[in-house]
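Novice: Have a look at the structure that comes next, please.
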Amino acid sequence: MKRPGNVAVIGDGGWGTTLAILLNKNSATVSLWGAFPDYIESVKDKRENIKFLPGVRIPPEIAITSDLSEAVRSADIVVLAVPSQYMRDISARFKGPGTGFADKIFVSVSKGIENKTLMRMSEVVRDVLGPVRIGALSGPTISYEVARGLPTTVVAASEDGETAKEIQDLFMADNFRVYTNNDITGVELGGSLKNVIAIAAGISDGLGFGVNTKSGLLVRGIVEIARLGVKMGARQETLYGIGGLGDLMTTCVSSHGRNRWFGEEIGKGKKPQDVLKATEMVVEGVATAKSCYELRKKYGVEMPISEQVYAVIYEGKDPKTAVRELMTRERKAEA
């Protein structure tokens, strides 16, 4: 059964806008917040998010605002759809007067790991706000497909089973199936680390390699993700499920995947910084590659593909050299 309520979606990117539309269809009262007043006024006037979700109409029932207090004041549930490296700053703004943050459920739909602290998004929120009720919604979710009503399956994760169930009830729809999982560590890590492997898959595409290459990257990539995830307390079955392997497959093959696109442009010979300048969208895998590199060292985990992605982005390594080094590593058994 759907659970109508007052929901504030914080973040006017493609995914935040898509979820606002989905929740409106589920009979929730929805506010959509964006950080830039001029652009928000344009979205409000046109009822379309031209930058991040063009061609999709935003229903008139959705309140669109750049006033954070206005967006969250009456909300029972706050959906956090901001880029991961801004999550701490945005979370701190909920501590302002009149927000009533302690009584709300927070749902992170951002896929990233904070660079300085190496915290997952739910950890960042609790680090700022204290022991609030929080969960994560993650999985193979291309915004354009969800916005068109194409069948999609995701996971609502929380250490608290009742919180996960409330998130499931809120988002569940005929074409949006939501499973619950109490392994929020695994769900958040799977959704974040897969973006690093997606960059590698894009580089493979840009270099003109084939399906054999990408299949190998996906299989060995999920092995890397699982190695690190288990060391950090995640369950291996979570990482091989919807929020891990499922999300990885989608991001690596979809033409709409921004991390795969970023890698493809690098594979074609462009510099990482030039590719980033060419888009207004946040490529989460870039920051996550740095966090992954530090986590790999912290936990002593072998992650050769992720290491090479880091070297290409941050050390200027030639992608062809990175591939050659991966292919000529010491012989070993599959594990």
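Only the coordinates and a few stated rules stand behind these numbers; no lab work does. Please read these numbers as outputs of a predicted model, since none were measured by experiment. Cβ placement follows ideal geometry from the backbone for every residue including glycine, while neighbour counts extend to all protein chains displayed.
Novice: Hand me the trypsin sites (Lys or Arg not before Pro) from segment 290-321 located in a DSSP loop with no more than 16 other Cβ atoms within 10 Å, in residue order please. Kindly include the intermediate steps, with their values, before the conclusion.
Specialist: On the way: sites: Lys290, Arg296, Lys297, Lys298, Lys317, Lys320; in loops: Lys317.
Counting only loop positions with at most 16 other Cβ atoms within 10 Å, the trypsin sites (Lys or Arg not before Pro) in segment 290-321 are Lys317.
Novice: Which lysines have a Cα lying under 16 Å from the Cα of Lys320, excluding residues fewer than 8 positions away in the same chain?
Specialist: Straight-line reach from Lys320, under 16 Å: Lys214, Lys268, Lys270, Lys271.
Novice: Size of the dipole of the chain about the Cα centre, Lys and Arg at +1 and Asp and Glu at -1 on the beta carbon, nothing else charged, in debye to 20? Mind dumping the intermediate values first?
Specialist: Numbers: 43 positive and 40 negative charges, 137 e Å.
Using only the charged Cβ atoms, the result is roughly 660 debye.
Novice: Can you work out ³J(HN,Hα) from phi for every residue in segment 208-219, in order, using Karplus 6.51 cos²θ - 1.76 cosθ + 1.60 and θ = phi - 60°, giving whole Hz and x for Gly and Pro?
Specialist: Result, rounded to whole Hz: x, 6, x, 5, 4, 4, 5, 4, x, 4, 5, 5.
Novice: What number, in nm² with one decimal, is the all-direction average of the projected area of the convex hull of the alpha-carbon atoms of segment 185-327?
Specialist: Numbers: hull surface 30.0 nm².
If I average the Cα hull's projected area over directions, I get 7.5 nm².
Novice: Relative to the present Cα-Cα distance, how much length would full extension add between Lys320 and Lys332 at 0.36 nm per residue of separation?
Specialist: Working: separation 12, 0.36 × 12 = 4.32 nm, distance 2.22 nm.
Contour length minus the Cα-Cα distance gives 2.1 nm.
Novice: If you don't mind, another one. By how many nm would the segment from Lys231 to Asp127 lengthen if fully extended, with 0.36 nm per residue of separation less the alpha-carbon distance?
Specialist: On the way: separation 104, 0.36 × 104 = 37.44 nm, distance 2.15 nm.
Here the answer is 35.3 nm.
Novice: If we restrict to alpha carbons, what Rg and Dmax does segment 1-113 come to, in Å?
Specialist: Rg, Dmax (Cα atoms, Å): 13.1, 38.
Novice: Counting other C-beta atoms within 10 Å, and keeping those with at most 11, which DSSP coil trypsin sites (Lys or Arg not before Pro) do you find in segment 110-165? Intermediate values should be presented prior to the final figure.
Specialist: Numbers: sites: Lys111, Lys116, Arg120, Arg126, Arg133, Arg148, Lys165; in loops: Lys111, Lys116, Arg148.
Of the trypsin sites (Lys or Arg not before Pro), the ones in loops of segment 110-165 whose Cβ has at most 11 other Cβ atoms within 10 Å are Lys116.
Novice: Continuing with the same structure: Whole number please: convex hull volume per residue, Cα atoms of the chain, in Å³. List each step's numbers first, then the result.
Specialist: Numbers: hull volume 42.1 nm³, N = 335.
Taking the convex hull of the Cα positions in the chain, it is 126 Å³ per residue.
Novice: Which FRET efficiency value, to the nearest 0.05, do you get for Ser42 and Ala173 by plugging their Cβ-Cβ distance into 1/(1 + (r/R0)^6) with R0 = 45 Å?
Specialist: Numbers: r = 28 Å, r/R0 = 0.63.
For Ser42 and Ala173, the calculated efficiency is 0.95.
Novice: Taking the Cα centre as origin and putting +1 on Lys and Arg beta-carbons and -1 on Asp and Glu beta-carbons, what dipole magnitude results for segment 185-327, to the nearest 20 debye?
Specialist: On the way: 19 positive and 16 negative charges, 39 e Å.
Dipole size: approximately 180 debye.
Novice: With r as the distance between the Cβ atoms of Gln273 and Glu61 and R0 = 41 Å, compute the FRET efficiency 1/(1 + (r/R0)^6) and round to 0.05.
Specialist: Values: r = 41 Å, r/R0 = 1.00.
It comes out at approximately 0.50.
Novice: Report, in degrees rounded to the nearest 10, the 0 to 90 angle that the Cα long axis of helix 161-171 makes with the longest principal axis of the chain.
Specialist: 80 degrees
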